[in-house]
Amino acid sequence: MLNLSGSVLSFDFGEVRIGIAQGNTTLAIAHPLTTITGSNKQEKLDKIAQLINEWKPDFLVVGIPTYIDGKEHKTTALARRFALRLNHRFSLPVALVDERLTSVLAENLLTESNTFGKKRKAALDSVAAMAILETFFQIGSQEIIS
């Protein structure tokens, strides 16, 4: 079993936007970092490379979306391919985490902080990435790509 500890970047994958959060396993604290967009996969990966160079994570976490009953859908396969791409490009282990209900949690956190309108839309994906990372800290990973 691979031991995942240290600094981590977490991703809430979407075809248009990718939310990113940062955290550390020692403190088990996550915080939203940014949301990236790009006109193509390469542009998004280049932006991720800049963040990896800046934060120097020991591993990565990717949220894997499914229906509420756990069945997979189109975005599930896309998120898995994204995780594989991250692993191959950056040679870092990638933990896959069930992201069911993390968007609901993110919405609730933004409501509690009175974040609405354009600010809410801008923050939603990175807050969802934070919720994915908090899920990882609480229950671990379904699967690890190393």
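Each reported figure results from applying straightforward, stated rules to the coordinates on display, with no laboratory input. None of the values given here were measured: they were computed from a predicted structure. Every residue, glycine among them, receives a Cβ derived from its backbone with ideal geometry; neighbour counts consider all protein chains shown.
Here the peptides 46-53, 66-73 are ranked by packing, the mean other Cβ count within 10 Å, and the order with the highest first is 46-53, 66-73. Residues ILE145, ILE139, ILE18 in ascending order of nearby Cβ atoms (within 10 Å, fewest first): ILE139, ILE145, ILE18. Model label sites at GLN50 and THR76, defined 7 Å from Cα along the beta-carbon direction, differ in position by 3.4 nm.
Only Lys, Arg, Asp and Glu carry charge here, each on its Cβ (+1 for the first two, -1 for the last two); on that basis the stretch 15-109 has a dipole of about 320 debye about its Cα centre.
Put simply, the stretch 1-74 fits an ellipsoid with semi-axes of 21, 19, 11 Å; these come from the alpha carbon gyration tensor as the roots of five times its eigenvalues, largest first. Our coupling estimate for the stretch 31-41, obtained by passing each phi through the Karplus curve with A = 6.51, B = -1.76, C = 1.60 and θ = phi - 60°, is 9, x, 10, 6, 10, 10, 9, x, 7, 7, 4 Hz, Gly and Pro reported as x.
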